[in-house]
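For reference, the structure is listed below as structure tokens.
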Amino acid sequence: MHGRVKVKSTAQQEEEKRKEREKKLKAFVSARDAVLRKRSAGEHDEEALQLTQQLLSSNPDFATLWNYRREVLLQLETSREKDEVQKLYESELHFIEACLKVNPKSYGCWHHRSWVNTRLPQPDWTRELGLCDRCLSLDERNFHCWDYRRVVVKESGVSVEQELQFTDRLIGSNFSNYSSWHYRSTLLPQLHPQPAPDSASNTSPSPTASPQIHSHRIFNCLCQLCDLPPGSVSDISNEHNLTVHWTEKYTHRDCALYTGEHRDQLLVCVCGRSELSVEKSSVLQAELQSCNQLLELEPQNKWCLLTIILLMRALDPLGHEKETLAHFQTLKEVDPMRSSYYSDLCSKFLIENTILKMEYAEVRVFSLSNKNLTTLCHLDQLLLVTHINLSSNQLLRLPPQFAMLQCLEVLEADDNAIESLEGLYHLPKLEEVSLRNNQICKLSDLESLASCTKLTRLDLRGNPVHKTANIDSELSQLLPLVTALSL
Amino acid sequence: MGTQVKDVIIKPDAPNTLLLDKHADYIAAYGSKKDDYEYTLSEYLRMSGIYWGLTVMDLMGQLSRMNREEIIEFIKSCQHDCGGISASIGHDPHLLYTLSAVQILSLYDSINVIDVEKVVDYVKGLQQEDGSFAGDKWGEIDTRFSFCAVATLALLGKLDEINMDKAVEFVLSCMNFDGGFGCRPDSESHAGQIYCCTGFLSITGQLHKVNADLLGWWLCERQLPSGGLNGRPEKLPDVCYSWWVLASLKIIGRIHWIDKAKLRSFILACQDEETGGFADRPGDMVDPFHTLFGVAGLSLLGDEQIKPVNPVFCMPEDVLQRVGLQPDLLS
């Protein structure tokens, strides 16, 4: 089905081809019918092996035939001694190898080989590893072979170091070897396991137990309730805020807990910060230097540009902000197909930097205006914000996660390209919204605002929706509480 | 300097308009010549072949041209005693063809012509202790089969019959450093597997476990200068990846990260103006498999001449609405 070139040929060539295929087809059909007849008759004999061998050599994806073959082999096992069984399955391995030469990517072939090794009284894993070596020398990207190799390595106890050396050799002879790099990503952690996540060390004056907070539960929490295990927060009645520290995988997290108006509602504001050791920092610094040297030689190399951006972020996101923005600009020019990706990634980094610059987690006014933002993210870190300015960006929508901003009172989002206000629903404190010069086209685009019961001021000037018939009366019906409406 | 980028060059005279009628004619006629060589040799996947043909016809609004009664009878005679369904008569049952059969019957709103309870038993019985699914009783494990299992049960409204937690745990154990997924734990990321795993996670409501930004980047890097998509780094583009990659991007909310216009040009260039149908790449031989995924890819890109397609099930959205299935997508 793949890689079959359509070749134009003469009428005579067409006729010859047609006759040839008709002959092949007849042979195939008669062999297939014979096999299926035998199987229906419950015959599990040598002839079955011969017939299936014929068919499978050129049709290894005909899975039912492998099944039948296995049934025959299992049957033959019952009447043979161990050494005969060994021979039986060794000859099966020869057969499979011949099939693999024809089609090295047949799921059926590789699975059957694995199965045979479970039936062999004495599997020869050295030979199997050799097969993998040969197969990979012909096609280093054959994932069937890599997967089979992993089984062989596991069964025969080949060391991680040995396999790493194997990948070294492959990469050394052909640098473009994603399969080898991938394999390394699974081998290295086995050689250098990460230390187990420790329980939180408390450095704040507040007494807390050691919580194992699963951040994804927090981030998915659209309301203000914080899902902490019992006993992890103690004696909150006298505290205005609590700080909890913990380690999650490779990063340190801080969590500042604030009491809200109701004692049982805790607002969570998480500032995730990755703290690098001195050793890690100097390694990354050296990498950054190398990459910068490479960039001088190849200023249009997108991989280099992107890697530099990521290294700078790991080392000093705020310090490198200007350079980062310049590199993103270059990236969009040298790799225009992915400019949407780069714009979104840059937006994410700018939002992260703005959050990092927040001096206190208590900051309530948050400005992201004029940053070429194409997407919003980390909204879960802005739960306490009362005023947000998103004006003069390239936003297309206010996404569902926007509804997390439960403290929001004022939203400025002028001069974007916003068509959808999905996320602007059930915001209980929202009083004022400015959406001048956007792309709100239909009345239905504004429906979610009806759930924001404190909304009184709404500016929709410069949106296509003003052309809707009877828009004034329609809007006053949809949003009766809005007193100051600008169209 | 540097390694050559594997890609194709699209010739200036390649097709650049959508030839929907030609494709409908191609599919309608496919398989009518029962003595065709390719057709006979692909009997081992016939059930999937029928699903590909019917789905693309339905997407083009031409389902009525196919032989509903004959197909339904065929499916009935492919259900085995164990409940599983085979690719064709005389072949052995397998999860792949069980899913295809259930998809076809959903298109035809005729699920009950088969023994649904037995299908559920068959699927349940293939779940292993580690949560994975074997393809059949012979034990091959692959995340493709995790997808087949939950997609089948979702279409039958029976998702609660398997160990969901374990099933999810297994699929997540196949997540790699690049955010992608392979066949089994430690297998290399591959667009086909990624489609199966993101589809699985969508059906099971676990998409938040995906690193959407990381995976989205890996997926958008599949786009080559020709505009076509490959299935993993340094491979040639193929129209079927317009489905596996694109649907995955849609599921994780990052479809805008590829250049849609360039991809559309590539897909259109894979059409065969003479015979109808799509090939894997421009100039190659066409087949129903690539025809479905070319058309489905164009639908995901927003072509209004084609019915909207669901990115998880690769079936028309209106069919899923009728069944009552609206799997989550990330935004």
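For region A:1-86, the set of trypsin sites (Lys or Arg not before Pro) satisfying both a DSSP loop assignment and a count of at most 15 other C-beta atoms within 10 Å is given as A:Arg4, A:Lys6, A:Lys8, A:Arg80.
Rounded to the nearest 10 square angstrom, A:Arg397 shows an accessible area of 80 square angstrom against a 1.4 Å probe.
Counting only heavy atoms of the protein chains and using a 1.4 Å probe, A:Ser367 has close to 60 Å² of accessible surface. Which residue, B:Ile75, B:Ile141, B:Ile252, has the most motion in a Gaussian network model of chain B that connects Cα atoms within less than 10 Å? Among B:Ile75, B:Ile141, B:Ile252, the largest GNM mean-square fluctuation belongs to B:Ile141. Using Cα-only point scatterers and the Debye equation, what is log10 of I(q)/I(0) for the protein assembly as shown at each q in 0.05, 0.08 Å⁻¹, rounded to two decimals? Listed by q, the Debye log ratios stand at -0.32, -0.82.
Looking at region B:20-323, the accessible area is 32 square angstrom per residue; that uses a 1.4 Å probe and ignores ligands, DNA and RNA. Once backbone amide H atoms are built at 1.01 Å from N, B:Met175 has no partners under 5 Å, excluding neighbours fewer than 5 places away on the same chain. In the assembled protein chains, A:Trp146 presents an accessible area of approximately 0 Å² (probe radius 1.4 Å). Residues whose amide H lies under 5 Å from that of B:Asn310, counting only those 5 or more places away or on a different chain, are B:Met315, B:Glu317; hydrogens are built 1.01 Å from N in the peptide plane. What region A:271-361 shows is 54 Å² of accessible area per residue, with the surface traced by a 1.4 Å probe over protein heavy atoms.
Ranking A:Leu356, A:Ser343, A:Leu382 by how far each Cα lies toward the positive end of the dipole of region A:339-396 (charges on Cβ) leaves A:Ser343 at the top. With only the Cα atoms considered, region A:363-486 has a convex hull volume of 81 Å³ per residue. Return the tail of the calculated pair distribution for region B:1-121, meaning the percent of Cα-Cα pairs more than 23 Å apart. Taking all Cα-Cα pairs of region B:1-121, the fraction more than 23 Å apart is 42 percent.
Note that region B:20-323, at 20 °C in a medium of 1.002 mPa s, gets a Stokes-Einstein diffusion coefficient of 111 µm²/s from its Kirkwood radius over C-alpha pairs. Considering only A:Gln13, A:Ala48, A:Leu100, the residue lying farthest towards the positive end of the dipole of region A:12-123 is A:Gln13, judged by Cα position with unit charges set on Cβ. As a size descriptor, the averaged projected area of the C-alpha convex hull of region B:141-208 was calculated at 4.1 nm². Averaging the sequence gap over all C-alpha pairs within less than 8 Å and six or more residues apart, then dividing by the number of residues, gives region A:12-123 a relative contact order of 25 percent.
Local charge for A:Leu350 was computed over the other residues whose Cβ lies under 12 Å away, with Lys and Arg +1 and Asp and Glu -1, and equals +2. Ordering B:Ile9, A:Ile171, A:Ile440 by accessible surface, largest first, gives B:Ile9, A:Ile171, A:Ile440; the 1.4 Å probe counts only protein heavy atoms, with every chain in place.
Over all distinct Cα-Cα pairs of region B:200-328, the Kirkwood formula returns a hydrodynamic radius of 15.0 Å. For chain B, excluding the exposed loop sites themselves (GluC sites (Glu not before Pro), DSSP loop, at most 11 other Cβ atoms within 10 Å), the longest remaining stretch covers B:130-272.
Per-residue shielding of A:142-150, expressed as the average number of other chain Cβ atoms within 10 Å of the residue Cβ, stands at 3. Chain A against chain B buries an accessible area of about 5200 Å², both chains summed, 1.4 Å probe radius. Its Cα centre serving as origin, chain B has a Cβ charge dipole (Lys and Arg +1, Asp and Glu -1) of approximately 560 debye.
Entry for region A:293-387 at q = 0.14, 0.22 Å⁻¹: log10 I(q)/I(0) = -0.56, -1.13, Debye formula applied to identical alpha-carbon scatterers, no solvent contribution.
Model label points for A:Glu155 and B:Gln326, set 7 angstrom from Cα along the Cα-to-Cβ axis, are 5.0 nm apart. DSSP beta bridges fully contained in the protein assembly as shown are about 65 percent antiparallel. Of all accessible surface on region A:363-486 at a 1.4 Å probe, what whole percent is carbon and sulfur? With neighbouring chains kept in place, the figure for region A:363-486 is 47 percent.
Work out which residues of region B:284-331 lose at minimum 40 square angstrom of accessible surface when the other protein chains are put back, relative to the chain isolated, with a 1.4 angstrom probe, and list them by number. At a threshold of 40 Å² (probe 1.4 Å), the residues of region B:284-331 that become less exposed are B:Asp284, B:Met285, B:Ser331.
Near the amide H of B:Asp287, within less than 5 Å, lie the amide hydrogens of B:Phe278, all on another chain or at least 5 residues away, with H placed in the peptide plane.
Each residue of region A:148-158 is assigned a 3J(HN,Hα), and the resulting list reads 5, 4, 4, 5, 4, 4, 5, 5, 9, x, 4 Hz, derived from the Karplus form 6.51 cos²θ - 1.76 cosθ + 1.60 (θ = phi - 60°), x at Gly and Pro.
Give the carbon-plus-sulfur fraction of the accessible surface of chain B in %, rounded to a whole number; probe 1.4 Å, heavy atoms of protein chains only. C and S fraction of accessible area: 50 percent. Computed from phi, the 3J(HN,Hα) profile of region A:25-31 under the Karplus parametrisation 6.51, -1.76, 1.60 (θ = phi - 60°) reads 4, 4, 4, 4, 4, 5, 5 Hz, with x in place of Gly and Pro.
Accessible surface ranking for B:Ser106, A:Ser451, 1.4 angstrom probe, highest first: A:Ser451, B:Ser106. When the other protein chains are added to the chain by itself, burial of at least 30 square angstrom of heavy-atom accessible area (probe 1.4 Å, ligands and nucleic acids ignored) affects these residues of region B:27-46: B:Tyr37, B:Glu38, B:Thr40, B:Leu41, B:Glu43, B:Tyr44.
When A:Trp303, B:Trp244, B:Trp257 are compared by accessible area at a 1.4 angstrom probe, the order from most to least is A:Trp303, B:Trp244, B:Trp257. In a simple Cβ point-charge model (Lys, Arg +1; Asp, Glu -1; nothing else charged), the protein assembly as shown has a dipole of about 1080 debye relative to its Cα centre.
Counting Lys and Arg as +1 and Asp and Glu as -1 over every other residue whose Cβ lies under 9 Å from the Cβ of A:Ser392, the net charge comes to -1.
Taking Lys and Arg as +1 and Asp and Glu as -1, the other residues whose beta-carbon sits under 12 Å from that of A:Val7 total +2. The residues of region A:321-364 listed by number as losing at least 30 Å² of accessible area in the complex, against the isolated chain and with a 1.4 Å probe, are A:Met337, A:Arg338, A:Ser340, A:Tyr341, A:Asp344, A:Lys348. Rolling a 1.4 Å probe over the protein heavy atoms gives region A:114-191 an accessible area of 47 Å² per residue. Note: relative contact order over region B:10-129, using C-alpha pairs below 8 Å and six or more positions apart, is 23 percent.
Of B:Asp21, B:Asp136, B:Asp287, the residue with the greatest mean-square motion in the GNM of chain B, using alpha carbon springs below 10 Å, is B:Asp21. Charged side chains reduced to their Cβ positions (Lys and Arg at +1, Asp and Glu at -1) give region B:222-284 a dipole of some 500 debye around its Cα centre.
Taking 1.306 mPa s as the viscosity and 10 °C as the temperature, the Stokes-Einstein diffusion coefficient of region A:1-154 based on its alpha-carbon Kirkwood radius rounds to 91 µm²/s. The relative contact order of region B:20-323, computed from alpha carbon pairs under 8 Å that lie at least 6 residues apart in sequence, is 17 percent.
The values are calculated or read from the model by the stated rules, or taken from the named source; none is laboratory data. Keep in mind that what you see is a predicted model, and the values were worked out from it rather than measured. Cβ coordinates were reconstructed from backbone atoms using ideal geometry, including for glycine residues, and neighbour counts include every protein chain displayed. Please note that ligands, DNA and RNA were not included when accessible areas were found on the heavy atoms of the full protein model with its side chains. Shrake-Rupley method; radii C 1.70, N 1.55, O 1.52, S 1.80 Å.
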